[in-house]
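**Student:** If you scroll down you'll find the structure; I have some questions about it.
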Amino acid sequence: MEFDFVVTSICRDLITVWDGTTIYHLSPDVRKQITAIINRMGAASSRAQGLGAIITTTSRLCMNVHTGQRLYLYRDPKNEKKVCGLLKIGRKKLFLRDNVGRMRELNASCVLDFYVHESCQRRGIGKALFQHMLKAEQLPAAKFAIDRPSHKF
């Protein structure tokens, strides 16, 4: 997804990590730009998954600091105005059945949103995002629940 400003001035690394606290401490101009990136990418993710509501916005990320939500953004290495993907994680209460059918409550690490823009798919960006997140979080993939996976996941 292309923007009308240089993304590399905000997302200096190929993959950057954002949370509500980091966004809160940005200057107003930079906060406006990262908000545009997150909100437009979140809206595109919602459309691509056929969701009824946008689940990734800057305001939701800032309101949910207590759940440890973090957003990984992948910028295009060849186009300084383009962001290719996002991966949002956080903790969420899930209800699971154990081996004997009893309901158990679990506060699990979850993949909350995962999206690669249509113009960037089939290039390994999703895999790179996921592997980067696993390394940064220092958890194996098996420790992450997928919250309401869409038909595309």
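The values are calculated or read from the model by the stated rules, or taken from the named source; none is laboratory data. Quantities reported herein were computed from a predicted structural model and do not represent experimental measurements. Methodologically, a virtual Cβ is constructed for each residue, glycine included, from the backbone with ideal geometry; neighbour enumeration extends over all protein chains shown. Surface accessibility is based on the protein's heavy atoms, side chains included, excluding ligands, DNA and RNA. Shrake-Rupley method; radii C 1.70, N 1.55, O 1.52, S 1.80 Å.
**Student:** Can you tell me which residue in the stretch 94-144 is most open to solvent (accessible area, probe 1.4 Å), limited to those that are touching a residue at least 24 places away in the same chain (Cβ under 8 Å) and polar (S, T, N, Q)?
**Tutor:** Here the residue is Ser119.
**Student:** Within the stretch 1-34, count every residue that is without any contact (Cβ under 8 Å) to a residue 40 or more places away in the chain, more than 15 Å from the chain's Cα centre (by Cα) and crowded, with 18+ Cβ neighbours inside 10 Å.
**Tutor:** Summing the residues that are without any contact (Cβ under 8 Å) to a residue 40 or more places away in the chain, more than 15 Å from the chain's Cα centre (by Cα) and crowded, with 18+ Cβ neighbours inside 10 Å in the stretch 1-34 gives 2.
**Student:** Out of all the residues in the stretch 37-45, is one or more charged (D, E, K, R) and not in a strand (DSSP E or B)?
**Tutor:** Within the stretch 37-45, one or more residues are charged (D, E, K, R) and not in a strand (DSSP E or B).
**Student:** Can you tell me how many residues within the stretch 11-32 are of a type outside the set (A, V, I, L, M), in a helix (DSSP H, G or I) and more than 18 Å from Arg60 (Cβ to Cβ)?
**Tutor:** 2
**Student:** A further question on this structure: Considering only residues that are within 16 Å of Ile89 (Cα to Cα) and part of a loop (DSSP other than H, G, I, E, B), which ones fall in the stretch 46-73?
**Tutor:** Ile54, Ile55, Thr56, Thr57, Asn64, Gly68, Gln69
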